[in-house]
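The values are calculated or read from the model by the stated rules, or taken from the named source; none is laboratory data. These numbers come from a predicted model, not from an experiment. Cβ placement follows ideal geometry from the backbone for every residue including glycine, while neighbour counts extend to all protein chains displayed. All accessible areas refer to the heavy atoms of the entire protein, side chains included, with ligands and DNA or RNA removed. Shrake-Rupley method; radii C 1.70, N 1.55, O 1.52, S 1.80 Å.
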Amino acid sequence: MMNLLNRRNWLASTACGFGSLAFHGLASAESDSLAVASENPLAAKQPMFPAKAKRVIFLFMQGGPSQVDSFDYKPILEKHHGEKFEFRDARKMARGNSGDQETLMKPLWKFRQYGETGHAVSDLFPHIGQRVDDLCFVHSMHTNGVAHGPSTLFLHTGALNLIRPSMGSWINYGLGTENNNLPGFVTISPSSANGGPRNYSNSFLPACYQGTAIGRAEQSSHQVKFRHIQNPFFDQPVQEKQFQLLRELNASQLGSRQDSELEAVISSYELAWRMQMHAPQLLDLSEESESTMKLYGIDQKETEDFGRQCLMARRMAEQGVRFVQVNYSDNGSNPRWDQHSKMERHAIHAKATDQPVAGLLIDLKKRGLLEDTLVWWGGEFGRNPFSQGADGRDHNPKGFTHFLAGGGVKQAFKYGATDEFGHEAVENKIHMHDLHATILHLLGLDHERLTYRHAGRDFRLTDVEGHVAHDLIA
């Protein structure tokens, strides 16, 4: 059988191996921190420059919440409800239409002013409304793609249809984990649709940087757990002996070679062993106080499921997991926030998530974690200010709202604006690449320098685009 010839094998097998010796000599001259990282790829690494945030909790609202029914108040929609105006609709433009007369549709919920800033929030989100003075609203988001699959993939990976590393994997690669006993990137209850595992994939990054999925969409949060964490056949002393033998065999096989794939496998075995000791208790909420459970809405049927997920995210952030994603999603082709008809169903999803999200913000702040934990809320796009059918709204990637909190962003702040209808970002526009670049910057990572060599070129999360929105940073 012909051996696979790569650069390392070539250096080791030609010229009496002097090329390989020279390579190892150069490698040994690297700094101590890099040496530690090579032994454990997930070991914590220093940021490229002083960071504002140490970790991220991403609250993914799959399907596209309507900005004009939630956080982007547009009085003109009430004034001209039912009247026709011409819009350049992204979905219709993709089919070749240049512009159509569309019927304006007013918000279904009343807006009220909250906090010292008086930011208007609809009755969909009264609990989040109470936290507006802690939030940084970005009202000028726009993105690529008009369908859930491509736009969801773009949100997570910066690419519409190519297999690229997810944002959590890039952050895991750039910074490692603060807790060597836990993964650096965890996604809670992810969907199998609209990108599925690619939304937390490492792609061409070493396998150790992929996201660890716990639970799945539409599964009860009571069943969320790390899979295969316990051995039903052998007790701990026997497992320790097996693990020690495996460690010795792996070290012997690796020898003096530098094989990233084998190193990743060995590292995964080591992490899996440590997780058996530490991971189960991370998801055990029984030690939390009754008041904490109520804070997240775990005492109510409508909010229990997402409340438990948000509380798990806080516990993970507290223990040093670098990137935690909490998914409010399902496994269907039309995700939960995707109301092409019956917009009143937004109330069901807002009820399920409003108090848990506000509870998470309160809990993080009370524990002093909000200072260096960036909370990020949003969907893959927004929805149109005009009706689809009698009572729905179609996708809108041209202008929508995300919000951030903690982690070095400005408080009680709103940035950018959509047009008078809430349809298209027109002021201080923030593309998804820009948001990615800004989040990396808050973590002390330069999005232009955080690269990985693959297939003859240097790849990065933001590809060849993206600008840091310094105005968002405190």
**Message:** Filter Lys45/Lys241; Lys92/Lys429; Lys106/Lys294; Lys342/Lys365 down to the pairs with a C-alpha to C-alpha distance above 25 Å, please.
**Reply:** Lys45/Lys241; Lys106/Lys294; Lys342/Lys365
**Asked** Hey, with R₀ at 25 Å, roughly what FRET efficiency would Glu178 and Ile348 work out to, going by the Cβ-Cβ distance, to 0.05?
**Response** 0.10
**the range 348-467: C-alpha gyration tensor shape, a/c 1.5 cut-off, then a/b vs b/c** = oblate
**Prompt:** Using the Karplus equation 6.51 cos²θ - 1.76 cosθ + 1.60 (θ = phi - 60°), what ³J(HN,Hα) coupling, rounded to whole Hz, does each residue of the range 384-391 give in order, writing x for Gly and Pro?
**Reply:** 6, x, 10, 7, 10, x, 7, 8
**Request:** Quote the relative contact order of the range 337-457 in percent (integer), defining contacts as alpha-carbon pairs under 8 Å separated by 6+ residues.
**Result:** 20 percent
**Prompt:** For Arg55, which sequence-distant residues (separation of 5 or more, or a different chain) have an amide H within less than 5 Å of its own amide H, given hydrogens modelled in the peptide plane?
**Reply:** Leu374
**Asked** What shape does the range 289-353 have by the C-alpha gyration tensor, where a ≥ b ≥ c are the square roots of the eigenvalues, rounded means a/c under 1.5, and otherwise prolate means a/b greater than b/c and oblate the rest?
**Response** oblate
**Complete:** Ranked output for segments 361-373, 107-119 by mean other Cβ atoms within 10 Å, highest leading, reads 361-373, 107-119
**Complete:** Cα-based Rg/(2.2 N^0.38 Å) for the range 144-203, rounded to two decimals, is 1.17
**Message:** Could you work out how much longer the chain between Lys84 and Gln219 gets when fully extended? Use 0.36 nm per residue separation minus the Cα distance between them, nm to one decimal.
**Reply:** 44.4 nm
**Fill in**
Carbon and sulfur atoms account, in whole percent of the 1.4 Å probe accessible area of the range 301-448, for 43 percent
**Request:** Figure the gain on full extension for Asp446 and Glu240 (residue separation times 0.36 nm, minus the Cα-Cα span) and round it to one decimal in nm.
**Result:** 70.0 nm
**Request:** Mind listing the long-range amide H neighbours of Leu135? Cut-off is under 5 Å, sequence gap 5 or more, other chains count too, H placed in the peptide plane at 1.01 Å from N.
**Result:** Ala412, Phe413
**Item:** R0 of 22 Å, Cβ-Cβ distance Arg457-Ala207: FRET efficiency to nearest 0.05
**Value:** 0.60
